[in-house]
Amino acid sequence: MTARSRSTPRDQAAAAVAGPPARDRSPDVRRGRPAPGAGLVHPPKQARGHARERDLIDAGLRLLQDRALDEITIEQVARTAGCSVGNLYKRFAGKEAFLSVLVDAVRARLIGEIDGLADALPGQHARLDRAVQQVVRFELDVFTRYRGLMRGLTLHRLQHGALAGAGLRDVRARFQARAVEALLPLVTADLSPPVARERLEFGLQVSLSSLIEKTLLDAVPRGDDGDAFVTRMSAMMVAHLRAPMVD
């Protein structure tokens, strides 16, 4: 009998970055949108309904700061939001529906933050090391604020190829594209654009994989450890970007 190999957090992080095969996902999932019927039962039409939905989503985010997806309950969400379970079920079909809408809300927030980061990065005459530090700091900040959500989505996707994970895979792709676009002018003075782009993409994937691995271990660095992570990872990326080309 052949022994089954056990995957390590590093292997799982690499798989999480790659994501599930495209053929296993529906077109709605590939675009990062909830499938029909997976979201709200009754979309809010009045200000009070929108306010209640925001309260529920905010409650879910607070719970997911230190809990994985499978660890929260509808009862906890309702209690944290200050409403009844019945009120929650009037708006959502169930837990999976609520989590789908919750992840979609996080996705929208992160896309706005990613675009803001790319627009705010220093221009062509700025220092490369400072710009790279801003990018790595942003990655760490996201994994710190949404640590429970990131861990839950990663585990859920690795186990089930879940809808929720696909939405944030789209966010990762947007982050990499915008970060590369913003940093590329700072690198092409010494490297050809194709090589510079390849090295930037590789560096971003390494830093992201490292954070996913730490998320799986529930060890996302904070405080001084977070500062040390940013300094170390940024220095590695800058050294790789500045390494001379070998013929």
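Where a number appears in this text, it was derived from the coordinates with a stated rule and is not lab data. Since the model is a prediction, treat every value here as computed from it, not as a measurement. Cβ sites come from the backbone with ideal geometry, for glycine too, and all protein chains shown count toward neighbours.
Compute the signed sum of charges (Lys and Arg +1, Asp and Glu -1) over the other residues within less than 13 Å, Cβ to Cβ, of Arg79. Before the final figure, lay out each step's value.
Working: positive: Arg62; negative: Asp55, Glu75.
My count for the surroundings of Arg79 gives -1.
Where nothing but the Cβ of Lys and Arg (+1) and of Asp and Glu (-1) is charged, how large is the charge dipole of region 54-149 around its Cα centre, in debye to the nearest 20?
Working: 14 positive and 14 negative charges, 36 e Å.
Charge dipole of region 54-149: 180 debye, to the nearest 20.
Around Asp58, what is the net charge, scoring Lys/Arg as +1 and Asp/Glu as -1 over all other residues with Cβ under 12 Å from its Cβ? Walk me through the numbers before you get to the answer.
Numbers: positive: Arg52, Arg54, Arg62, Arg109; negative: Glu53, Asp55.
Net charge in that neighbourhood comes out at +2.
Sorted by packing (mean other beta-carbon atoms within 10 Å per residue), highest first, where do 173-180, 208-215, 50-57 land? Please list the in-between numbers first.
Values: 173-180: 18.5, 208-215: 21.4, 50-57: 16.6.
Final packing ranking: 208-215, 173-180, 50-57.
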